[in-house]
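Asker: This is the structure I have questions about; it appears just below.
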Amino acid sequence: MANDAPGDIPSGAPAPTFSRSGAGSPPPQIIIQQSMFGWMGKALLALVGILVLVIVGLVSSYHSYFNEPGRPQEKYHSLARHASQKIAIIDVEGAIMEGDGFVKRQIDAVKEDKNVVAIVLRVNSPGGTVTGSDYIYHHLRELIDERKLPLVVSMGSLCASGGYYVAMAVGDQTDAIYAEPTTWTGSIGVVIPHYDLSGLLGRWNVKDDSLTSGPLKTMGCPTKPMSEEDRKVLQALVDESFAGFKEIVMSGRPKFKADPPTLDAVATGQIFTAKQALDRGLVDKIGFLEEAINRAAELANVSTEEVRCVKYEKPTTFVSELLGARAASAGGYTLGSGYSIDTAALLDLAAPRAYYLWTMLPAILSSNRAE
């Protein structure tokens, strides 16, 4: 058999195949790459995501359980937004009925915050109970003495009686009490409200037939005229509380301590305008909140460009708003515009109580903003 010439196809050999990509190259292959787990992998990833969300929720609930209820939320107010040092505004808003409420939580927040260098006490209050006013005053003084922080007072539309009592936390700091031009302040005094309804009840043939362990147990009761013995005992309580009020005023207004008759001249229960209060030494300056903030920065020896001013707000959630609405409907009657009749306060009227308060009516109206 003759040798095959180059390029000849041997007999019996299969015909070669040719590729467009070139002689001898393998045919192209299409590879479809699937995910590691397919649809099961996607389901697993979704499950992991859900578990992560559940764990985060559980951790958040765990921490919130041990956090103090109603802890104030810090909000930016003014000055240098990104500064680390702070001037804290503590708000005393509305009637002071209890001292351990939101005002106390603001004080605690400042006490724990080492970045706070000064305090502005914003007071817009007609006053309240003797005990509640003194409680707030005491804890403000404790905070100032412990942290060595300067405090400046900014009075709102009304800073009277117990509100003025609280403002005396400034101590002997000079130029530290600012009243706005339209502020009413003063009303230094004590009152135990009493209403004699015996004549009205007599018309309806209603008699007080209470059984008591002693003649003074029902002193101040509105269903009978006040006896001289009742009046003597209650007046002694008023006088003692009034003496304590004047001592607090002298601690915050040293000029009155040096000249007590000048304090007696203003401690008549009278309310004063801002200008009248300035002329009588009850306040230091007439100015707005911004001026009080600037004075606080000055007393703290910090530039207003290097400190931010913050305030505190009550935390609100959908659940708390819902529960709060139900509690309000259960505990009182809504009058609109955020005010309601507090049934607990109506019951409280039956108990004689001393007040550092300036008002023309019994405290049966409560503002939701002051709770």
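The values are calculated or read from the model by the stated rules, or taken from the named source; none is laboratory data. As the structure is a computational prediction, the values presented were derived from the model and not from experiment. Glycine gets a Cβ as well: all are built from the backbone with ideal geometry, and neighbour counts include every protein chain shown. Side chains are part of the model used for accessible areas, which takes the heavy atoms of the whole protein and leaves out ligands, DNA and RNA. Shrake-Rupley method; radii C 1.70, N 1.55, O 1.52, S 1.80 Å.
Asker: Net charge within 15 Å of Phe256 by Cβ-Cβ distance, Lys/Arg positive one each and Asp/Glu negative one each, not counting Phe256 itself?
Answerer: Charge balance near Phe256 sits at -1.
Asker: Looking at this model, which pairs from Lys86/Lys255; Lys86/Lys285; Lys246/Lys275 are more than 29 angstrom apart at the alpha-carbon?
Answerer: Pairs exceeding the cut-off: Lys86/Lys255.
Asker: Next question, about the same structure. Starting from the Kirkwood Rh over alpha-carbon pairs, what translational D in µm² s⁻¹ does segment 207-273 have by Stokes-Einstein at 4 °C and 1.567 mPa s?
Answerer: Rounded, D is 88 µm²/s.
Asker: When each pair of different Cα atoms in segment 122-269 is counted once in the 1/r mean, what is the Kirkwood radius in angstroms, to one decimal?
Answerer: Evaluated on segment 122-269, it is 17.6 Å.
Asker: What ratio of Cα Rg to 2.2 N^0.38 Å holds for segment 188-318?
Answerer: 1.69
Asker: In whole Hz, with x marking every Gly and Pro, tabulate ³J(HN,Hα) for segment 89-99 from phi via Karplus 6.51 cos²θ - 1.76 cosθ + 1.60, θ = phi - 60°.
Answerer: 8, 9, 9, 10, 10, x, 5, 8, 9, 10, x
Asker: Heavy atoms only, 1.4 Å probe, whole protein assembly: order His194, His139, His82 by accessible area, highest first.
Answerer: Descending accessible area places them as His82, His194, His139.
Asker: If you add up the charges near Val123, with Lys and Arg at +1 and Asp and Glu at -1, over every other residue whose beta carbon is less than 10 angstrom from its beta carbon, what do you get?
Answerer: Combined, the nearby Lys, Arg, Asp and Glu give -1.
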